[in-house]
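See below for the structure under consideration.
The values are calculated or read from the model by the stated rules, or taken from the named source; none is laboratory data. The shown structure was predicted, so the numbers you read here are calculated from the model rather than taken from an experiment. As a convention, Cβ positions derive from the backbone with ideal geometry for all residues, glycine included, and neighbour counts pool all protein chains shown.
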Amino acid sequence: MNNRDELRRQISEAIRTYCEAEHNFDFSASDPIVRLHEPTFSAEEIDAALDCLLTTRVTMGQKVKTFEAAFSASGPFGPGVMVNSGSSANLLAIAALTNPEARDALRPGDEVIVPALSWSTTVWPLIQLGLVPVVVDIDPATLNIDPNEIEAAITEKTRGVMIVHVYGNPCDLEAILDICDRHSLILVEDCCEALGAKYEDKAVGSFGRMGTFSFYFSHHITTLEGGITVAQTQEDAELMRILRAHGWIREVEDQKPWIERYPEIHPRFLFVNLGYNLRATELQGAMGSVQLPKLPSYVEARRQNAEKLASQLQANAPLLQTQSTTPQGEHSWFGFPITLGIDAPFSVDDIMTALGDVGIETRPIICGNIARQPGLKLYPHRAQGDLSHASAVMERGFSFGNHQDIDHAARDHILGAIEAFLADKGVLSA
Ligand SMILES: Cc1ncc(COP(=O)(O)O)c(C=O)c1O
């Protein structure tokens, strides 16, 4: 072994030793903290990322391509275009769909239906690209967009539907696809919370014209920041590769048609469209490839945990309403959301504070009712109905962590804390 290889081996060894000593995310009864998420990565991913730094091959290249191919195969999905966040994945999808080069491109002023319970950057790209979001209510049981509300919101201006599989719960895709089919609407799936979720045994993200995923630190797998947009066609993916980086043809798979179309411009610096810089780095691609094979075990841990929590908490329904999995769906449980019943004799802040006092982190459920957020009010949009179910989630909803490291003891700690709180309020059901 030459000196460089020996040094590299020592570095790997040191990383492993460090992580074995420091990375213990198991629940400890003596210091009972249940975080919203714990890292999904350790020595292997750090080593893979560090390799990019050590070799100085850091900008988007083969490692991102390798990850894109592995991700596409994993769904399976159509071609994937990796970007620097889930928000960028949404931006890229909408930028492609509104681009003059796109098939059946959306036009400024076209309406796109979105669920009221969504994330900010599910909706913002629509506005940023001149579309008009039409906000519709959710089904309070699944927390997902209500297909009846989609149907009711359709006008002659409606051209698309952007759905969110809330917390990893697949939407009612049968009904949604039927509506899109009957009204010739383009479907985009925001799966940023739903990696690993399936509908009728098929990965979410593979139903719409495009699907988007996030690999932010707290998600099912991570590249620290990162995301990917998957498309049904190579044509849409090629357009996204152009828009991802400067409007340049450099990263398209087949440059020939572009070079032939513009023979007067030097092919190395041919800019055929507008564009952003949404590229991922090689470090992110390398981490993603190490993380991806671990996804099934992480999702299984989340699923088993959620099933046990849901069955234990059932005794206190309808005071505590847990999320119902969509029939035909396999949930991937990004977290564990609960909505308090309307008659609860305490507020959501009361229960969040009580859980926080015993080390259990909580948070509101995504953006609540997005139509109530000041950011949306600044721009043209439309709301269908009173959005009361999304408002109920905003006013009475919270969630706690349901990550891969929550075990039996952590679960008991959460359940015990909830029971103690309900008993204190005099409303505990046996
Ligand atoms: C539904 C949804 N869409 C988009 C995003 C944005 O992803 P990112 O944080 O990677 O930008 C999130 C973030 O969690 C999300 O929950």
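Quick notes on this one:
- Contact annotation: residue pairs with Cβ atoms under 6 Å, 6 or more positions apart or on different chains, pairing a residue in the stretch 224-243 that is basic (Lys, Arg) with a partner that is within 16 Å of the ligand (Cβ to nearest atom), are 241/81.
- Answer residue from the stretch 124-158, given it is out of contact with any helix residue (DSSP H, G or I) (no Cβ under 9 Å at 6 or more places or on another chain) and hydrophobic (A, V, I, L, M, F, W, C) and is farthest from residue 91 (Cα to Cα) among those: 141
- For the stretch 203-219, the tally of residues that are within 20 Å of residue 367 (Cβ to Cβ) and in contact with a Leu (Cβ under 7 Å, 6 or more places away or on another chain) stands at 4.
- Top-ranked residue in the stretch 219-269 [being more than 13 Å from residue 101 (Cβ to Cβ) and of a type in the set (A, V, I, L, M); ranked as surrounded by the fewest Cβ atoms within 10 Å (Cβ to Cβ)]: 265
- Criterion (within 20 Å of the chain's Cα centre (by Cα) and away from the ligand (no atom under 15 Å from the Cβ)) met by exactly one of 172, 181: 172
- Boolean, residue 104 is out of contact with any Asp or Glu (no Cβ under 8 Å at 6 or more places or on another chain), away from the ligand (no atom under 12 Å from the Cβ) and touching a residue at least 60 places away in the same chain (Cβ under 8 Å): yes
- No other residue among 98, 122 is buried (at least 18 other Cβ atoms within 10 Å of the Cβ), away from the ligand (no atom under 12 Å from the Cβ), over 12 Å from residue 228 (Cβ atoms) and hydroxyl-bearing (Ser, Thr, Tyr) apart from 98.
- Pairs, first touching a residue at least 12 places away in the same chain (Cβ under 8 Å) and closer than 19 Å to residue 420 by Cβ in the stretch 295-317, second outside any helix (DSSP H, G or I) and aromatic (Phe, Trp, Tyr), C-beta under 7 Å, six or more apart: 309/336
- Residue within the stretch 136-143 that is within 16 Å of the ligand (Cβ to nearest atom), crowded, with 21+ Cβ neighbours inside 10 Å and more than 19 Å from the chain's Cα centre (by Cα) present: yes
- Selection of the stretch 219-236 for residues being within 13 Å of the ligand (Cβ to nearest atom) and either over 9 Å from the mean Cα position of the chain (by Cα) or of a type in the set (D, E, K, R) (or both) yields 221, 222, 223, 224, 225, 226, 228, 229.
- Number of the condition not met by residue 261 [criteria: (1) in the same structural domain as residue 221 (by TED's automatic domain parsing); (2) under 22 Å from residue 41 (Cα atoms)]: (2)
- Restricting attention to the stretch 311-345 and to residues that are crowded, with 18+ Cβ neighbours inside 10 Å and either in contact with an Asp or Glu (Cβ under 6 Å, 6 or more places away or on another chain) or part of a helix (DSSP H, G or I) (or both), the residue that is modelled with the lowest pLDDT turns out to be 326.
- Restricted to the stretch 270-299, and to residues there that are in contact with a helix residue (DSSP H, G or I) (Cβ under 9 Å, 6 or more places away or on another chain) and polar (S, T, N, Q), the residue that is surrounded by the most Cβ atoms within 10 Å (Cβ to Cβ) is 284.
- Any hit, the stretch 50-60, residues being touching an Asp or Glu at 6+ places or on another chain (Cβ under 9 Å), buried (at least 17 other Cβ atoms within 10 Å of the Cβ) and basic (Lys, Arg): no
- Candidate set from the stretch 184-202 (those that are out of contact with any Leu (no Cβ under 6 Å at 6 or more places or on another chain) and within 15 Å of residue 300 (Cα to Cα)); member that is farthest from the ligand (Cβ to nearest atom): 201
- Candidate set from the stretch 206-218 (those that are buried (at least 24 other Cβ atoms within 10 Å of the Cβ) and within 12 Å of the ligand (Cβ to nearest atom)); member that is farthest from residue 96 (Cα to Cα): 215
- Test: residue 116 is buried (at least 19 other Cβ atoms within 10 Å of the Cβ), aliphatic (A, V, I, L, M) and within 16 Å of the ligand (Cβ to nearest atom): yes
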